[in-house]
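Undergrad: Take a look at the following structure, please.
The values are calculated or read from the model by the stated rules, or taken from the named source; none is laboratory data. Keep in mind the model is a prediction, meaning the values are calculated, not measured. Please note: Cβ atoms are built from the backbone with ideal geometry, for glycine as well, and neighbour counts cover all protein chains shown. Quick note on the areas: whole protein, heavy atoms, side chains included, nothing else; ligands and nucleic acids left out. Shrake-Rupley method; radii C 1.70, N 1.55, O 1.52, S 1.80 Å.
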Amino acid sequence: MWWDERVSVRFRRNLQPTLTYWSVFFSFGLCIGFLGPTLLDLRCQTQSSLSQITWVFFSQQFCLLLGSCLGGVFKRTLSQSLFALFASSLAISLVFAIIPLCHNVVVLAVVMAVAGLAMGCIDTISNMQLVKIYQKDSAIFLQALHFFVGFGALLSPLIADPFLSDTNCILSNSTANASSNLPHIRKSLVPHHPGNLSHYDLPMKGMVVTRVSYAFWIMALINLPVPIAVFFLLYKERMVPCFTSSSHPLLSADELAMEARPAEKDDLSTTVQRPHAAGGHDDLFSCCQSKNFRGASYTYFAVHITGALVLFMTDGIVGEYSGFVYSYAVEEPLSVVHKVAGYLPSLFWGFITLGRLISIPVSYRVKPATMVFINVVGVLLTFLLLLIFSYSVIFLFVGTASLGLFLSSTFPSMLAYTEDILQYKGCATTVLVTGAGIGEMVLQLLVGSIIHDQGSYSFLVCGMIFGGLAFTFYAFLLFFHRMYPRPSSDLDAASPDKPAVVDDTGQYQR
């Protein structure tokens, strides 16, 4: 096996919770990828205009950000975390089942807002739980976690595709003219951003002919095993009210067995889900309480802020690139035909998924700090080459694939690196997830307005600037890492929650 026996033993001991958190992130990806390609059919279902239906994007993204901020509220105990994940994953299945029944755009926006809240809770809680379980060994498991997001985001459009309307799904006198624009419009509706569609006129009244409901019901069934898996984990931990005993142990059976063998405790430690242990991973509002600032050095705040700013830029690049690369390609000077340009967002997300798969074994051999450095430098160089070869259609495709690879592992690597700096205390996970979500929203809106005013070439210039800022913030993070006070070796050796660190590999050493 390409990892050592110590990590393998820890993985086997935590197999069920790890697989459960991975599956919940699959729900996250399944829910994030379907909206773009199905939005035109949903417009027909709700008989709304394009400008009205695109508000559904905003409701989902805004509530995803809100759910990410509030996710830490449910992190105080293991039972609260699992119940929140069960409710969130079940809510996503219910959302898929209810969407075909939404014949009003406002109702649809509310339903998608509920989905966004569930996705935000899943994002924060799953990342936090894996960090708490594996701590210094968490990088490889976070890479796998984010692979499942990409896998779900690729699967849901594939499920929806056979049921999408080939012609305009509202039949009226203007159907023939509107149908000629349909492929162009649909390719513009990529995940995370609806694009500028105000100049397209599609009929709003007439007979609705769409089969997209079947796609949502299939996705509801595919997602249904996820809340069932979370329920079984709750049952295993004896947290289901109907099956729990009066004396519920704080430690699982494996953890109690390890407590009886102190000689092996450091090498084979598992997560001890004590209520006070979650204090270092509270929600965003609890993180801002003054009691958490007492005695903290300025580098404590600087690590949180610079780590969040790196993800603000890199996740913002993911959102703005996937949202506007199609619009950039079809405009001059490239003038790529619409059908060919439509492959660019799919290529971008496909290489993000491939990169996350490759990063699973790589992250075991390469330190998270090194991986983030490679990522931000790669993003910067890719945008530089895209600017130099801005008249080359071939290099646009090559650069899109390269950018997807470099951006793929940035978030999990940065999360593992920042949590390692802070010794798994503080609010790194909550702050980083929130910063990434804000960046994805803000940079999309910013780039959209700049492209509207300055033209399509500004799309690459903005990406170059954001990549340069990400590299700058990462350089500041490295500086504050060197300044951050390290714990004494005696404290590290005496900590029961710290896994043993193998010095000769140097894998997780700073």
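Undergrad: Which residue out of F397, F406 is open to solvent by 10 Å² or more (accessible area, probe 1.4 Å) and either more than 17 Å from the chain's Cα centre (by Cα) or acidic (D, E) (or both)?
TA: Numbers: F406 fails: either more than 17 Å from the chain's Cα centre (by Cα) or acidic (D, E) (or both).
Exactly one residue qualifies, and that residue is F397.
Undergrad: Given the structure, is F351 of a type in the set (F, W, Y), farther than 24 Å from V303 by Cβ, touching a residue at least 12 places away in the same chain (Cβ under 8 Å) and open to solvent by less than 40 Å² (accessible area, probe 1.4 Å)?
TA: Taking the combined requirement at face value, the residue does not satisfy it.
Undergrad: Can you tell me which residues in region 447-488 are without any contact (Cβ under 8 Å) to a residue 60 or more places away in the chain and in a helix (DSSP H, G or I)?
TA: Scanning region 447-488 gives S449, I450, D453, Q454, S458, I465, T472, A475, F479, R482.
Undergrad: I would also like to ask the following. Hey, D41 hits all of (1) farther than 18 Å from A215 by Cα; (2) out of contact with any strand residue (DSSP E or B) (no Cβ under 8 Å at 6 or more places or on another chain); (3) not aliphatic (A, V, I, L, M) but one; which does it fall short on?
TA: (1)
Undergrad: Is region 73-90 home to any residue that is more than 24 Å from R238 (Cβ to Cβ) and in contact (Cβ under 8 Å) with a residue 60 or more places away in the chain?
TA: Here is the first cut: in region 73-90, the residues more than 24 Å from R238 (Cβ to Cβ) are none.
No, every residue in region 73-90 fails to be more than 24 Å from R238 (Cβ to Cβ) and in contact (Cβ under 8 Å) with a residue 60 or more places away in the chain.
Undergrad: Something else: Could you please give the count of residues in region 452-510 that are at positive phi and at pLDDT below 70?
TA: 1
Undergrad: Can you pull out the residues in region 334-357 that are within 22 Å of the chain's Cα centre (by Cα) and farther than 14 Å from A401 by Cα?
TA: Correct list: L357 only.
Undergrad: Please state which one of F389, F383 is farther than 14 Å from D315 by Cα, surrounded by fewer than 16 Cβ atoms within 10 Å (Cβ to Cβ) and over 20 Å from the mean Cα position of the chain (by Cα).
TA: Working: F383 fails: surrounded by fewer than 16 Cβ atoms within 10 Å (Cβ to Cβ).
Going through F389, F383 in turn, just one is farther than 14 Å from D315 by Cα, surrounded by fewer than 16 Cβ atoms within 10 Å (Cβ to Cβ) and over 20 Å from the mean Cα position of the chain (by Cα): F389.
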